[in-house]
Amino acid sequence: MSLFKTLLPTIGLLLFTGLAAADDSTSYGNLLTPILSSGETILGEPIAYPQGKPKVTAAIVVVPPGKETGWHTHTVPLFAYILEGELSVDYGDKGTKVYKAGDGLLEAMNWPHNGVNKTAVPVRLLAVYMGAEGIANAVAVPAPSTTSRTAPGDQRASSRSSSRAESTPALAALERRRPCRGSARRVTITPHE
């Protein structure tokens, strides 16, 4: 009987240790697949959170085939995750980057950019703005001068870019508060002609 009393705690400890080891496979850390970990935007700018009462806004943004977001900037940090499709983002003098399904990024802050869907399928992305009460998540801005990218004497491309910058209903849509499926919101980018 004394051998049983001695072995019982040992067997119990071994069983518990085995269960704990098996349980490690479902621990929180093992459930994560990192998408992004950074303190800088896609252009290397340091992340700067706005002053004021914090306000996080999450939205699904949809850019139809052949359409664009319009030139804009973000004054608050924005994490974006491409759910479907491919989005080309023009950062002016900083070049163009192409993001595909599965890509995560911290979007440029205070730097003009324009997202364009050059494909035949809609682009869907999750946008998470880390803002503050009373501060806009996105601000419409004029398109940067395209003189350096246009042949001398060709004003057509420059005037097209300018007219697109004036019409930015997509940015207004990002600020609308229309709930859709619970607390999530879906934003459809209004096409530019």
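Values quoted throughout were computed directly from the atomic coordinates according to the rules given, and no laboratory measurement underlies them. Keep in mind it's a predicted model, so treat the numbers as computed, not measured. Neighbour counts run over all protein chains shown; Cβ positions are idealised from the backbone, glycine included.
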note = Between Trp111 and residues 5 or more places away or on another chain, the pairs with built amide H atoms under 5 Å apart involve His74
task = Work out how much length Ser27 to Leu126 would gain on full extension: take 0.36 nm times their residue separation and subtract the Cα-Cα distance, in nm to one decimal.
result = 33.0 nm
message = 5 Å is the cut-off here: which amide hydrogens, built 1.01 Å from N in the peptide plane, fall below it relative to Ala101, excluding neighbours closer than 5 in sequence?
response = Gly85
query = Taking the Cβ-Cβ separation of Ser145 and Ile60 as r and a Förster radius of 35 Å, what is the calculated FRET efficiency to the nearest 0.05?
reply = 0.60
key: Peptide ranges 132-144, 27-39, 62-74 listed from the most packed, as the mean C-beta count within 10 angstrom indicates   = 62-74, 132-144, 27-39
